[in-house]
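The values are calculated or read from the model by the stated rules, or taken from the named source; none is laboratory data. None of the values given here were measured: they were computed from a predicted structure. Please note: Cβ atoms are built from the backbone with ideal geometry, for glycine as well, and neighbour counts cover all protein chains shown. Note: accessible area is taken over every heavy atom of the protein model, side chains too, but ligands, DNA and RNA are not part of it. Shrake-Rupley method; radii C 1.70, N 1.55, O 1.52, S 1.80 Å.
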Amino acid sequence: MDCTRKLLNGDEAIAYAARNAGLNLGIGYPGTPSTEILETFSSLGGYAQWAPNEKVAAEVAIGAALAGGKAIVTMKHVGMNVAADPFFTAAYTGVKGSLVICAADDPGMASSQNEQDSRRYAVAAGLPMLEPADSQQCYDYLLLAVELSNKFGTPVILRLTTRVCHSKTIVKVGPFNEPKTPSYTKDAKSHVMVPAFARLAHVRLRKRLKDLEEWNCQNGPCTFLGPEGAKSGVIATGISAMHAAEALPEARIMQPGMTYPLPLAKIKEFVNAHEGNLVVEEGDPIVVETLLANGLKVRGKKEAFRFGELNVARVKKLAADDITPDPAPAPGKPPQLCPGCPHRLTFQALHDLGCTVCGDIGCYTLGVLPPYEAMDTCVCMGASISAALGMREVLPAEQAKRIVSVIGDSTFMHSGLTGLVDMVYNRPPHGHVVILLDNSTTAMTGLQEHPGTGRRLDHTETVRVDPAAVARAIGVRVEEVDPLAMKDTLKDFIQEQLDKEDVCMIIMKRSCLLALKHLKDREKAQAEEKKN
Amino acid sequence: MKNINIVFAGLGGQGVLRASDITAEAAFLTGFDVKKAEVHGMSQRGGSVSSDVRFGEGIKSPMIPAGTADYLVLLDASQKEPNALYCSESTVIIDPGVIKIETLPNPKGLNVALLGYLSKMLSMISEENWQKALENNFPEKLRESNTIAFNIGREANNN
């Protein structure tokens, strides 16, 4: 095959592979560290979309794959929770084309609210999973996942981590292939999950996993690092294999590329031929527990290594069962709301009012930090609205009346709408006020479009979903203001809305300065293109 | 040649990641094995940003282990302390003060000027490959000012 060498990060490598595989569709919701997969796929000429949230993205991708197309769906780990509902049943329906779920975990929480280990989803849903260790494996495993998905008729999880997504390594990339248009074949017995059909599908699913395990033992991807003939053995997954190869240069390292279902017979062979047999994996002790449960004599890590990322130094300590605390670097400068960020005005007002603020996921979560310290809760996408309703339900009136929800425009489209419905349907005794910080972009993840910007992933224009119109239709009183124009009166204005004790959404409309700059740059480039 | 470890550190918006991208690409063009690590996400919000570049032969982990940086390139002097962990006695620390900022066509070119300074110490990468890497990482209209910044950095390093 005609190959070019490139220096790519894991996300970019997946995008290149997606173009090589001739995927019909890439869809997802932005989330660090997965965002660049679809952005790169689109810039390389692939057809990519941002969905309002991960559940919708997963369902669209499932539809494409049931129709016989090839699709990838991308998200960060917490997005897997949102998308879990369709995945669990898509494991039953199977797929006709190909479906690859790129799930990007964030051990160490560089930019996340938890460090959940998404590998549990593979086990729970019964979906095969591949775990690349570098960009070349990202490329190779995406191609393999597309192939396996079609061959075994199942969605396949490509499980990534922050370091794999955002580290650049050398990749051999092949040429691009244009997608083929599939043709639909009706197969209701496989695709309609009523109990009678689903019972059969579950049996098929378990059989398929057995077949996959056998395939994995025979033909599955497996990388060996370190000196051949070494006595001491290490079984490592994903990026941990790279750390282990450097930290334990005397050991022979086996990195199974498909970590669910594990190639048990193959690992057993390796374990029998080596001593020590340390299992090195980031996050939860999933591989080690599976191996121990199957009677393999392997050694896992101490609980201390369940937290945070691994690195070369930590793998050395892990191998030595050394749980002395890691040297803490001197604290750097924490992130903060940008100078001139319109959110600052709202948080100053909420601070001055002494409101109880239920916050949400985005740049504006930084409102929790000094000088504002104007945030009381932040759980998950959309919880600003629903959690605030719960607080209003149980707290005494004088406390309940101080509660506001603060949510961003992209997060509102993602998971705010249903909360808004609940606010009207189960209206709290003293009403509620939602503040929509509308900066016309998904700022936190690097300025992506969403249904409220009126532009698609590739920034071309489409119909704008107007949050004010949606809220009014649901039965919410809407106030649209420019926080910059209000400035000194913003505090009094918010208090007035709280005093009305109805259900209200204040839209603080003011573009993110960074997004405006990008928009102007794009317009300028377009104008120049037209001239030429 | 022993493998080279370079840590770039600064604050969000200073071009730390761009500097590490250019260095990684220059090493790649030279034919070395290269790995580069960084953490995105909160970096646009003015916080501390750092990025690791490792090149040579058979690079394994993309992250530089504590105490093994050969160079620490600081885009902001305040970031020396948070990255002290990566340094040993033999680490060469390049302080932003080595560049007279007023001599640059654009103060934003500090990252590239520091690369010019660094490049004099990395004789295994040719100036041509640095120039190619610079060209590949900037749009055409910014190329001239960055070439000037790079050369100012090279001249600032007389060692």
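Got a number for residues in segment A:106-143 being among the acidic types (D, E) and part of a helix (DSSP H, G or I)?
Here is the first cut: in segment A:106-143, the residues among the acidic types (D, E) are A:106, A:115, A:117, A:131, A:134, A:140.
Those left that are additionally part of a helix (DSSP H, G or I): A:140.
So the answer is 1.
Across segment A:356-393, what is the number of residues that are in contact (Cβ under 8 Å) with a residue 24 or more places away in the chain, outside any loop (DSSP other than H, G, I, E, B) and of a type outside the set (V, I, T)?
Of the residues in segment A:356-393, 14 are in contact (Cβ under 8 Å) with a residue 24 or more places away in the chain, outside any loop (DSSP other than H, G, I, E, B) and of a type outside the set (V, I, T).
Kindly evaluate B:S50 against the criterion of being in a strand (DSSP E or B), surrounded by 22 or more Cβ atoms within 10 Å (Cβ to Cβ) and facing chain A (nearest Cβ under 9 Å).
Details: in a strand (DSSP E or B): yes; surrounded by 22 or more Cβ atoms within 10 Å (Cβ to Cβ): yes; facing chain A (nearest Cβ under 9 Å): yes.
The answer is yes for B:S50.
Could you list all residues from segment A:396-405 that are without any contact (Cβ under 8 Å) to a residue 60 or more places away in the chain and surrounded by 16 or more Cβ atoms within 10 Å (Cβ to Cβ)? Steps first, answer last, please.
Taking segment A:396-405 and keeping what is without any contact (Cβ under 8 Å) to a residue 60 or more places away in the chain, we get A:396-400, A:403, A:405.
Correct list: A:A400, A:I403, A:S405.
Out of the residues in segment A:127-143 that are among the charged types (D, E, K, R) and more than 14 Å from chain B (Cβ to nearest Cβ), state the one that is surrounded by the most Cβ atoms within 10 Å (Cβ to Cβ). Lay out the reasoning, then the answer.
Applying the first criterion (among the charged types (D, E, K, R)) to segment A:127-143 yields A:131, A:134, A:140.
Among the residues that remain, those that are also more than 14 Å from chain B (Cβ to nearest Cβ) are: A:131, A:140.
Numbers: A:E131: 29, A:D140: 19.
Residue satisfying both the conditions and the ranking: A:E131.
Looking only at segment A:268-318, count how many residues are in a helix (DSSP H, G or I) and either under 25 Å from A:E214 (Cα atoms) or of a type in the set (G, A, S) (or both).
16
Regarding A:M258, is this residue buried (at least 20 other Cβ atoms within 10 Å of the Cβ) and within 20 Å of A:A145 (Cα to Cα)? Walk me through it before giving the result.
On the way: buried (at least 20 other Cβ atoms within 10 Å of the Cβ): yes; within 20 Å of A:A145 (Cα to Cα): yes.
Answer is yes for this residue.
Of all residues in segment A:453-491, which are within 14 Å of A:A349 (Cβ to Cβ) and loosely packed, with under 13 Cβ neighbours inside 10 Å? First the steps, then the outcome.
Initial filter on segment A:453-491 (within 14 Å of A:A349 (Cβ to Cβ)): A:479, A:481-491.
Correct list: A:A485, A:K487, A:D488, A:T489.
Which numbered condition trips up B:Y71, out of (1) in contact with a Leu (Cβ under 7 Å, 6 or more places away or on another chain); (2) more than 9 Å from chain A (Cβ to nearest Cβ); (3) surrounded by 21 or more Cβ atoms within 10 Å (Cβ to Cβ)?
(3)
For segment B:4-20, enumerate the residues that are open to solvent by less than 30 Å² (accessible area, probe 1.4 Å) and assigned to a helix (DSSP H, G or I).
Those that are open to solvent by less than 30 Å² (accessible area, probe 1.4 Å) and assigned to a helix (DSSP H, G or I): B:V16, B:A19, B:S20.
Of everything in segment A:229-249, what is in contact with a strand residue (DSSP E or B) (Cβ under 7 Å, 6 or more places away or on another chain) and either assigned to a helix (DSSP H, G or I) or more than 14 Å from chain B (Cβ to nearest Cβ) (or both)? Give them in sequence order. Steps first, answer last, please.
The first filter runs over segment A:229-249 and keeps only residues in contact with a strand residue (DSSP E or B) (Cβ under 7 Å, 6 or more places away or on another chain), leaving A:230-241, A:244-245, A:248.
Across segment A:229-249, the qualifying residues are A:A230, A:K231, A:S232, A:G233, A:I235, A:T237, A:S240, A:A241, A:A244, A:A245.
Specify the residue that is most open to solvent (accessible area, probe 1.4 Å); the eligible residues are those in segment A:144-174 that are facing another protein chain (nearest Cβ under 10 Å) and part of a helix (DSSP H, G or I).
First, the residues of segment A:144-174 that are facing another protein chain (nearest Cβ under 10 Å): A:162-170.
When the remaining residues are screened for being part of a helix (DSSP H, G or I), the result is A:162-166.
Values: A:T162: 6, A:R163: 32, A:V164: 4, A:C165: 1, A:H166: 2 Å².
Top of the filtered list is A:R163.
Each row is one residue, and each column tells you yes or no for (1) surrounded by fewer than 20 Cβ atoms within 10 Å (Cβ to Cβ); (2) within 14 Å of chain B (Cβ to nearest Cβ); (3) within 30 Å of the chain's Cα centre (by Cα); (4) not hydroxyl-bearing (S, T, Y).
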{"residue": "A:V312", "(1), (2), (3), (4)": "no, yes, yes, yes"}
{"residue": "A:L318", "(1), (2), (3), (4)": "no, yes, yes, yes"}
{"residue": "A:T324", "(1), (2), (3), (4)": "yes, yes, no, no"}
{"residue": "A:A330", "(1), (2), (3), (4)": "yes, yes, yes, yes"}
{"residue": "A:C341", "(1), (2), (3), (4)": "no, yes, yes, yes"}
{"residue": "A:L350", "(1), (2), (3), (4)": "no, no, no, yes"}
{"residue": "A:V357", "(1), (2), (3), (4)": "no, no, yes, yes"}
{"residue": "A:D360", "(1), (2), (3), (4)": "no, no, yes, yes"}
{"residue": "A:C363", "(1), (2), (3), (4)": "no, yes, yes, yes"}
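Mind checking which residues of segment B:89-99 are open to solvent by 50 Å² or more (accessible area, probe 1.4 Å) and not β-branched (V, I, T)?
Answer for segment B:89-99, where residues must be open to solvent by 50 Å² or more (accessible area, probe 1.4 Å) and not β-branched (V, I, T): B:E89, B:S90, B:D95, B:G97.
Run down A:H450, A:H432 and say which single residue is over 28 Å from the mean Cα position of the chain (by Cα), open to solvent by less than 30 Å² (accessible area, probe 1.4 Å) and in contact (Cβ under 8 Å) with a residue 12 or more places away in the chain. Talk me through it step by step, then tell me what you get.
Working: A:H450 fails: over 28 Å from the mean Cα position of the chain (by Cα).
After ruling out the rest, the residue left standing is A:H432.
Given the conditions (1) open to solvent by 30 Å² or more (accessible area, probe 1.4 Å); (2) over 15 Å from the mean Cα position of the chain (by Cα); (3) more than 20 Å from A:T162 (Cα to Cα), which single one is not true for B:A66?
(3)
Report, by residue number, each residue of segment A:37-83 that is closer than 22 Å to A:K168 by Cβ, crowded, with 24+ Cβ neighbours inside 10 Å and β-branched (V, I, T).
A:I37, A:I72, A:T74
Suppose the filter is under 28 Å from A:G332 (Cα atoms), out of contact with any strand residue (DSSP E or B) (no Cβ under 8 Å at 6 or more places or on another chain) and either among the polar types (S, T, N, Q) or open to solvent by 20 Å² or more (accessible area, probe 1.4 Å) (or both); does B:N111 pass it?
Numbers: under 28 Å from A:G332 (Cα atoms): yes; out of contact with any strand residue (DSSP E or B) (no Cβ under 8 Å at 6 or more places or on another chain): no; either among the polar types (S, T, N, Q) or open to solvent by 20 Å² or more (accessible area, probe 1.4 Å) (or both): yes.
The answer is no for B:N111.
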